[in-house]
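Written below as structure tokens is the structure these notes are about.
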Amino acid sequence: MNAQIAMLCSGKGGTGKSTVAVLLGAQLAARGQKVLLVELDSGLRSVDIIAGVYGRTVYDIEDVLCGRCAGEKAVVESPLYRGLSVISAPYEGGDIRPGPLRALLAAMRPYFDCILLDTAAGMGAPFCAAAAVSERALLVLTPDPVALRDGRIVADRLIADGMPAGRLRLVVNRAARDRFGPRAAVADLDECIDTVGAQLLAVIPESPALQQAAATGAALPPGCPAALAGAALAARFCGERVGLRFPF
């Protein structure tokens, strides 16, 4: 194996980026891939709860990058999603730099099919480190003007720093019928695509089941709309042609 590396990012907080990162990782794992999800959002750790590894983590990404432990000691397999493993962010502090992160990923790549980097919102140190080592990027945004405007800024920054435009994709999260239309702040999905300037990869619905699973560290019910949208996201991420179903 020689894992591909993809970052998940957003311009503003609250877009559900970490939830989508776990959803994508879980669905890739369901397809038989070995997936490593590395959380880089120091101080706002949440992936451990969403992936069900809360209380199982001994070491975090800061321990690895500072040399306090080997990378494999920080890897924890999710009990909810077989094939998905996690390296958590620290609860506070942490210095995410491209060099140490690149060395960690080089050591991990032979053991995984895909490595996902869950960055912090905005364009701080975690974002810059992830951008320096990633082969592709997923912009996770909600359908509102602020998220879309900030997403365009992030997209432009990635491209200016060398990310090929063809390796950048848009994921619209928390989509619902009433969030689009002439009386809504965003007219339609085309406005999302045009504002951000990135090709659409997937639409994830507003989902109480997904929110409940993420908040409690439980597995997402396999037949719910969010799970089906996640499966379509994973299929398109792998290069398959899957039709877009929206509204759900």
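Points to keep in mind about this one:
- DSSP assigns beta bridges within the chain; of those with both partners inside it, close to 5 percent run antiparallel.
- Label sites at residue 224 and residue 238, each approximated as a point 7 angstrom past Cα along Cα to Cβ, lie 2.3 nm apart.
- Of interest is the spacing of the C-alpha centroids, which for the stretch 1-66 and the stretch 113-157 amounts to 14 Å.
- Here the contact order of the chain, divided by its residue count and restricted to Cα pairs under 8 Å and six or more residues apart, works out to 25 percent.
- Applying 1/(1 + (r/R0)^6) with R0 = 35 Å to the Cβ-Cβ distance of residue 176 and residue 31 gives a FRET efficiency near 0.80.
- Each residue of the stretch 222-235 is assigned a 3J(HN,Hα), and the resulting list reads x, x, 6, x, 5, 5, 5, 5, x, 5, 5, 4, 5, 5 Hz, derived from the Karplus form 6.51 cos²θ - 1.76 cosθ + 1.60 (θ = phi - 60°), x at Gly and Pro.
- Taking 25 Å as the straight-line reach from the Cα of residue 73, the lysines in range (excluding those fewer than 8 positions away in the same chain) are 34.
- Computed over the alpha-carbon pairs of the chain, the distance histogram in 5 Å steps reads 1, 7, 15, 20, 21, 17, 12, 5, 2, 1, 0 percent, short to long.
- Contact order normalised by residue count of the stretch 139-194, Cα under 8 Å, 6+ apart, percent: 43
- With the convex hull constructed from alpha-carbon coordinates only, the stretch 1-130 shows a mean projected area of 6.7 nm² over all directions.
- Highest mean packing first, where packing is the average number of other Cβ atoms within 10 Å per residue, the peptides 229-239, 65-75, 2-12, 176-186 line up as 2-12, 229-239, 65-75, 176-186.
- Relative contact order %, the stretch 26-134, counting alpha carbon pairs below 8 Å whose residues are six or more apart: 38
- Note on the stretch 146-235: Cα-only Rg and Dmax are 14.8, 40 Å.
- With the helix formula -39500 (n - 2.57) applied to DSSP H stretches of n ≥ 4, the chain reaches a computed 222 nm mean residue ellipticity of -10500 deg cm²/dmol.
- Straight-line cross-link partners of residue 12 among the aspartates and glutamates, defined as a Cα under 19 Å from its Cα and at least 8 positions apart when in the same chain: 39, 41, 118, 144, 150, 156, 191, 194, 206.
- Around the Cα centre of the stretch 4-237, unit charges on the Cβ atoms of Lys, Arg, Asp and Glu (plus for the first two, minus for the last two) sum to a dipole of about 360 debye.
Any read-out appearing in this document is the output of simple, stated calculations on the displayed coordinates, not a laboratory observation. What you see is a predicted model; the values in this text were computed from it and never measured. Cβ: placed from backbone, ideal geometry, glycine included. Neighbour counts: every protein chain shown.
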